Amino acid sequence: MPLRDLLLGLFVITIWALNIIVIKVGVTELPPLLLTTLRFMLVAALLVPFYPVARAQLPFLMLLSTTFGSLHFALLFIGLEQAEAGTGALLVQMGTPFATLLAVIFLKEKLGPKRIAGLLLSFAGIIVLAGGPTLPTPLPLAILLCSAMGWAVSQLLIKRGPPIAPLALAGWVALFAVPQVALASWLFESGQWQAIQQASWLGWGAMIYTAVMSSIIAYGIWYALLRRHPVNRVVPMTLLVPVLAVGLGALLLGDSLGVHKLLGGGLVIAGIALIVLNITPHSRPA
């Protein structure tokens with residue numbers, strides 16, 4: 001890979017790792033479902049007018065908006081409100097092992113020795129994390145793992161669904177997710193208007209960053225790299241996302257770096273490293 005493209009790839013990885021930190025900051029100022037709603041509104045406003053889709057593709061996009069929009073993103077924002085950023089980043093990476101298992105069950109894909117070892121290492125890492133003080137309480141833990149499952153289900157849907165340009169997919173999924181997440185915010189959160197009025201530049205900056213930098217700029221660069229290079233040269237760089245997120249969480253938010261997090265996180269990343277070369281090109285972190 002040319003140096004320019006390698007640097008672009010590392011730039012994207014940095015954006016996605018910092019996205020975890022930014023979400024953590026954002027949910028301290030805006031309720032997580034409200035923040036997710038505003039994020040989707042901005043993504044849809046910036047992309048939908050420029051990326052039309054066929055009417056026949058709308059049912060698929062509506063389904064994907066539930067799994068990718070509501071289940072993955074909304075639950076990610078809720079979970080990160082109650083978990084350390086680095087730990088949350090590691091837990092969400094379990095989407096890759098989940099996607100592998102779902103592909104075996106529903107797509108009849110076969111597991112080779114390398115992928116079996118990767119699955120075992122990944123789940124062993126979660127067990128090690130469970131023994132440490134940084135793992136969130138059972139509810140946010142379950143929420144983050146459900147977010148990872150939402151990502152995994154979405155990858156299978158994308159793999160089996162109609163071909164849609166990546167930014168068109170991002171925009172229309174965001175558009176259809178807006179009413180779902182807005183309704184959830186209305187039902188389960190309170191003080192939304194007051195939060196909007198009182199939010200500082202950090203809260204609004206977090207919303208803009210997650211929408212523009214993570215979902216549009218990074219997404220666009222990533223797929224340009226995938227068009228120019230083999231998937232197996234590009235996708236392994238995503239292994240750096242949880243590593244950087246853990247480091248940035250410690251540096252910027254004061255998250256702990258205990259033995260359990262380092263060892264458990266290392267096992268999770270090592271396991272995903274054994275699986276990642278088999279991921280669909282549509283895959284990407286949050």
Open item on the list: With a 1.4 Å probe and all protein chains left in place, how much of the accessible area of the chain comes from carbon and sulfur atoms, in whole percent?
Closed with: 73 percent
Task: Charge tally in the Cβ shell below 13 Å around Ala74, where Lys, Arg are +1 and Asp, Glu are -1, Ala74 excluded - done: -1
Open item on the list: Please list, in order along the stretch 256-263, the HN-Hα scalar couplings obtained from phi with the Karplus expression 6.51 cos²θ - 1.76 cosθ + 1.60 (θ = phi - 60°), rounded to whole Hz, x for Gly and Pro.
Closed with: 6, 10, x, 4, 4, 5, 5, 6
Task: Asp255 long-range amide H proximity, modeled H, under 5 Å - done: Ala250
- [ ] Just read off the accessible area of Glu109 with the full protein assembly in place, 1.4 Å probe, to the nearest 10 Å².
- [x] 50 Å²
Open item on the list: If each residue of separation counts as 0.36 nm, what is the full-extension length gain between Ala224 and Leu10 once their alpha-carbon separation is subtracted?
Closed with: 75.7 nm
- [ ] Would you compute the Debye intensity of the stretch 90-249 from its alpha-carbon atoms alone, equal scatterers and no solvent, and pass along log10 I(q)/I(0) at q = 0.09, 0.10, 0.14, 0.19 Å⁻¹ to two decimals?
- [x] -0.40, -0.50, -1.03, -1.68
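Could you give the length gained on full extension between Leu111 and Leu240, defined as 0.36 nm per residue of separation minus the Cα-Cα distance, in nm? Could you put the intermediate results ahead of the total?
Details: separation 129, 0.36 × 129 = 46.44 nm, distance 2.44 nm.
Between Leu111 and Leu240, full extension yields an extra 44.0 nm.
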TODO: Report ³J(HN,Hα) in whole Hz for each residue of the stretch 108-124, in order, from the Karplus equation J = 6.51 cos²θ - 1.76 cosθ + 1.60 where θ = phi - 60°; Gly and Pro get x.
DONE: 6, 6, 9, 9, x, x, 5, 6, 4, 4, x, 4, 4, 5, 4, 5, 5
Task: Vicinal HN-Hα couplings computed from phi for the stretch 79-85 (Karplus, 6.51 cos²θ - 1.76 cosθ + 1.60; Hz; Gly/Pro x) - done: x, 5, 5, 10, 10, 5, 4
TODO: Excluding residues fewer than 8 places away in the same chain, name every one of the lysines whose C-alpha is closer than 18 Å to that of Lys159.
DONE: Lys108, Lys110
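Give me the orientation-averaged projected area of the Cα convex hull of the stretch 1-116, in nm², one decimal. The partial results should precede the final answer.
On the way: hull surface 42.3 nm².
With the hull built on Cα positions only, its mean projection is 10.6 nm².
Using just the alpha carbons, could you tell me how many Å³ per residue the convex hull of the stretch 29-75 encloses? Provide the component values of the computation, followed by the final result.
Values: hull volume 3.0 nm³, N = 47.
It is 63 Å³ per residue.
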Open item on the list: Using the basic label-point model (7 angstrom from Cα toward the beta carbon), what is the Ile217 to Phe123 distance in nanometres?
Closed with: 4.0 nm
Open item on the list: Helix-only mean residue ellipticity at 222 nm, the chain, DSSP H runs n ≥ 4 weighted -39,500 (n - 2.57), per residue, nearest 500. What is it?
Closed with: -22500 deg cm²/dmol
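Compute for the stretch 119-199: radius of gyration divided by Kirkwood radius, i.e. Rg/Rh, restricted to C-alpha atoms, rounded to two decimals. Spell out each step's value before the answer.
Working: Rg = 17.7 Å, Rh = 16.3 Å.
Looking at the stretch 119-199, the ratio lands at 1.08.
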- [ ] Could you tell me the largest-minus-smallest coordinate of the C-alpha atoms of the chain on each of the three principal axes, in descending order and whole angstroms?
- [x] 51, 46, 39
Task: Rg/Rh ratio calculated on Cα atoms of the stretch 164-286 (Kirkwood radius) - done: 1.03
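Which FRET efficiency value, to the nearest 0.05, is calculated for Gln82 and Ala195 with the Förster distance at 22 angstrom and r the Cβ-Cβ distance? Let's see the in-between values first.
Details: r = 17 Å, r/R0 = 0.78.
Efficiency for this residue pair is about 0.80.
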Open item on the list: On a straight-distance basis, which lysines could pair with Lys24 in a cross-link, Cα separation under 19 angstrom, same-chain partners fewer than 8 positions away excluded?
Closed with: Lys261
Open item on the list: Suppose each label sits 7 Å from its Cα in the direction of the beta carbon; what would the Ser256-Ala142 distance come out to in nanometres?
Closed with: 2.4 nm
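The values are calculated or read from the model by the stated rules, or taken from the named source; none is laboratory data. In this text the structure is predicted, and so the values were computed from the model without any measurement. Heads up, the Cβs are rebuilt from the backbone with ideal geometry, glycines too, and the neighbour counts pull from every protein chain shown. Note: areas computed on protein heavy atoms with side chains; ligands, DNA, RNA excluded. Shrake-Rupley method; radii C 1.70, N 1.55, O 1.52, S 1.80 Å.
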